[in-house]
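The values are calculated or read from the model by the stated rules, or taken from the named source; none is laboratory data. This one's a predicted model, so the numbers in the text were calculated from it and none came from an experiment. FYI the Cβ positions are ideal-geometry reconstructions off the backbone, even for glycines, and counts take in every protein chain you see.
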Amino acid sequence: MTPDDAPFALRLSNVSKTFGGLKALDAVDFAVRAGEVHCLAGENGCGKSTLIKIVTGVYTADPGAHIELFGQARDGITPSEARELGIAVIWQDLALFPHMTVAENIAFDGMVGNLPRLLSRGAARAEAQAMLDRLGVRLDLDTRLNTLPIAQRQLVAIARALMGAARLVFMDEPTASLTQSETDGLLKVVQTLSEQGVSVVFVSHRLAEVLEISTSVTVIRDGKLVGVYPTEGLTQARLGELMTGAILSSEVTAQDRSGAAPVLQVENLTRVGEFQDISLTIRRGEVVGLTGLIGAGRTELAHTLIGMTQPDAGHMTLNGQPLRPRNIRAAIAAGIAYVSEDRLSLGLIQPQSIADNTAISVLDRLLNGLGLIASSRKDRLVRTWIDQLSVKIGHPDDPVSTLSGGNQQRVVLSKWLATEPKLIILDSPTVGVDVGARAGIFRIVRRLADEGLAILLISDEVSEVLTNADRVLHMESGRLVNEIDPHATTVEELEAQVYA
Amino acid sequence: MRRFAKDCPVETRLFAVLVLITLGLGLGTDTFFTLANITSLLNNNAVNLIWAVGLLVVLIAGGIDISFAVAASVVQYLAALIFGAIGGGNWATGLIVAGGLGLCLGLINAALIHGFRVVSIVITIATFNVFFGLLMFFTRGRNIYALPGWWTDRIFIFEYQSANGVWSELNLSVAIMLACVAATAILIGWTTWGRQLYAMGDNPEGARRAGVNIALMHGLAYGWLGMMAGIAGLCQVNIAKEVVPNALYGRELEVLAAVVLGGARLGGGRGTIIGCILGVLFVAVTQNGLNLLGISPFAFQMIIGAAILVAISTSNLDLGLKRRRAAP
């Protein structure tokens, strides 16, 4: 906890920013005290990133803003001034160098400059090691970055950001691609920094960790300041309301579907080294949640269901027919769709249009008599799904990369739904998606289930599966250890069980 | 050593293959492991290796350059004109003039690539044609024989006559080559400029955000290759004793093949001096071995092509396996 009388590291008032007539920020105030962990909350596109870019000198605020850094009033700030003052940003996309070693990445900023100097590898390594020690992180300095898991790259990015004696660190969605246990490790590092007097501004869509880590929260909505709140006494539901301006339900939506016909039946499925003895049933209209720690074998199980890998023992049936897909195409033909965890790189072809992305999995059904793609059929298909899933788009021919995370996720969904599946597997569908959009995605999931689809929902966010699934399966070390009725369990009880 | 093997799998594998080939040639022919053969191998490949280390710098920085061999011809022609006009010169002025002219040609490439934000392969294909077209236009395709004496006289840095009367000697070019290799090794491995070049090739946006001067780095990479190309051109005249405008045309692909075989990544961010040397040696030894074994020289290109395919595809296979193993 930071005493309320700690000096301000950063004080902004009346900050506005206009892009071509559009007000991205409208007279926002923002202040962070020394050693404080301050959360900046708001939905995608609300102006958070714009605010960070103003503080770090990437953008210049509109005239009239008052900027005070470490007790000094300033007219403006350039990126190099920001760095000299000890303001560091850990970008969402990391900006690291994959073919360099851990030590080279951490020490890189000290090597930037127009005049050449001889390298002192020993000194750079020692500095990098000292920084990792300070963060309480153990990493091999000589490992190349591209061989590290993403969570450890995140730690490298933090270490690098702190090298220039940083006093104010911005973390933009640092946990978006981390699992729960990796997130816990990162939050510990943030705590350490705060104890050392470094101010941390934390941006995250995961409200639970926002409440866990920060001492106060600034909420922004549509470019305007909603307010600054002490974290104590704030609940996830209340914070969600502040961010979206709407009341979000966190009620359990589970229904009893035990009378419906089974769609997927799995018996004693085993793949050595990944999962063992898995038996489960998913019925028509049922949403089955699958949760557990990373490495529990959730994604590996999904990969076997869709034919990416072959089981060593056990068997599967889909609608009573034996199922043993030899590859993904066979699984799609059988009626299984898989929305992968990493939608940005695996699920969508970013530069291509929304329409092309939607149609790609069913191109063979859009052919005309000449074997060419009938554009009228394609248009009809695309329009149907855009309406069905209420994707907010400018035009179907715009590239997918212009859409927000939540809307991109809907395009992925529509691409798979166009294959008319009987079973759809959603692997961590809300990674990097903000609160309001999450609710929208789950409304769609529920509607699809009501239309008769069987759904397997994989997530390591316990509260998410508990509120949105009809039954929750808990996987641990490759085995299903428990089946949970969402009506009979609280989030806290399940969390204690899963993270034990 | 084990660390190197793990970090540089391409280089390590190439080294093993090279050892096998040299052993095979040593056993299969009685001429390969003679001092005379080895010194002539070095003499004949000094020019290629100077180009190769220059090109390595550009590849590390994430670019490519097709124009350097033709640029070397342009430097030869301009240097011949300059030394004809001032009537004299020596190796010191020669290196400065050739290196300087090459640097200018390289900077032209850098300025075009950076100024117009066009990918390097397009710009250097264009300058390749412009350089070569201008050269053929002004020389009308004629060779220059009237060259200053210092430029065409052989200078040996090593001489030895064996019992049966065969001379083995090393040219000055080999010494210049060693200096160029050492200078490049220091540039990319031991200076902050080198780190910034790797960074720009590895993640251009990341480098820009970190404050790397992208224009300077482009100038450094293409300027360095230009300088190496000029120096290599100077050395080549010393070996050939004449300036032939189209003598170096087409050599760029041979050098590019050698550097890629040595593990430099076409996307940028990866490449080592050791790999570069091994790549040039591999190409040289293969060609030399085919000669000694009396096999048609046409087989040579086929073998180099196949070697590139094997080297690139097996290194990708490795990655796939590692990923599969990494996933628990």
>> I'd like to know if the range B:28-48 contains one or more residues that are of a type in the set (D, E) and closer than 24 Å to B:T184 by Cα.
In response: no
>> Which condition from (1) over 26 Å from the mean Cα position of the chain (by Cα); (2) part of a loop (DSSP other than H, G, I, E, B) is the one that A:P322 breaks?
In response: (2)
>> Show me the helices (runs of 4 or more DSSP H) found entirely inside the range B:148-210 where at least 3 residues are more than 14 Å from chain A (Cβ to nearest Cβ).
In response: B:149-152, B:172-190
> Only one of (1) in contact with an Asp or Glu (Cβ under 6 Å, 6 or more places away or on another chain); (2) under 23 Å from A:E212 (Cα atoms) is not met by A:R11, so which one is it?
Replying inline: (2)
>> I want to confirm something. Restricting to the range A:118-154 and keeping residues that are of a type in the set (G, A, S) and modelled with pLDDT of 85 or more, which single residue is surrounded by the fewest Cβ atoms within 10 Å (Cβ to Cβ)?
In response: A:G122
>> Among the residues of the range A:250-272, are any modelled with pLDDT under 80, closer than 20 Å to A:G42 by Cα and touching a helix residue (DSSP H, G or I) at 6+ places or on another chain (Cβ under 7 Å)?
In response: yes
> Tell me, which residue of the range B:28-86 that is in contact with a helix residue (DSSP H, G or I) (Cβ under 8 Å, 6 or more places away or on another chain) and hydroxyl-bearing (S, T, Y) is surrounded by the most Cβ atoms within 10 Å (Cβ to Cβ)?
Replying inline: B:S67
> What is the one condition in (1) crowded, with 24+ Cβ neighbours inside 10 Å; (2) over 12 Å from the mean Cα position of the chain (by Cα); (3) away from chain A (no Cβ under 11 Å); (4) in a helix (DSSP H, G or I) that B:A232 does not satisfy?
Replying inline: (2)
> Which one of these is surrounded by 22 or more Cβ atoms within 10 Å (Cβ to Cβ) and either in contact (Cβ under 8 Å) with a residue 12 or more places away in the chain or under 29 Å from A:L318 (Cα atoms) (or both): A:I444, A:I425?
Replying inline: A:I425
>> I'd like to verify a number: residues in the range A:374-413 that are surrounded by fewer than 13 Cβ atoms within 10 Å (Cβ to Cβ) and of a type in the set (A, V, I, L, M, F, W, C), how many?
In response: 0
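Okay, residues lined up against (1) at positive phi; (2) surrounded by fewer than 19 Cβ atoms within 10 Å (Cβ to Cβ); (3) small (G, A, S):
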site	(1), (2), (3)
B:V97	no, no, no
B:G100	no, yes, yes
B:L103	no, no, no
B:L107	no, yes, no
B:A111	no, yes, yes
B:G115	no, yes, yes
B:T124	no, no, no
B:F128	no, no, no
>> Are there strands (runs of 3 or more DSSP E) fully within the range A:450-500 with at least 2 residues that are surrounded by fewer than 22 Cβ atoms within 10 Å (Cβ to Cβ) and charged (D, E, K, R)? List them.
In response: A:479-484
> So which residues in the range A:269-291 are buried (at least 24 other Cβ atoms within 10 Å of the Cβ) and either within 19 Å of the chain's Cα centre (by Cα) or without any contact (Cβ under 8 Å) to a residue 40 or more places away in the chain (or both)?
Replying inline: A:G289, A:L290, A:T291
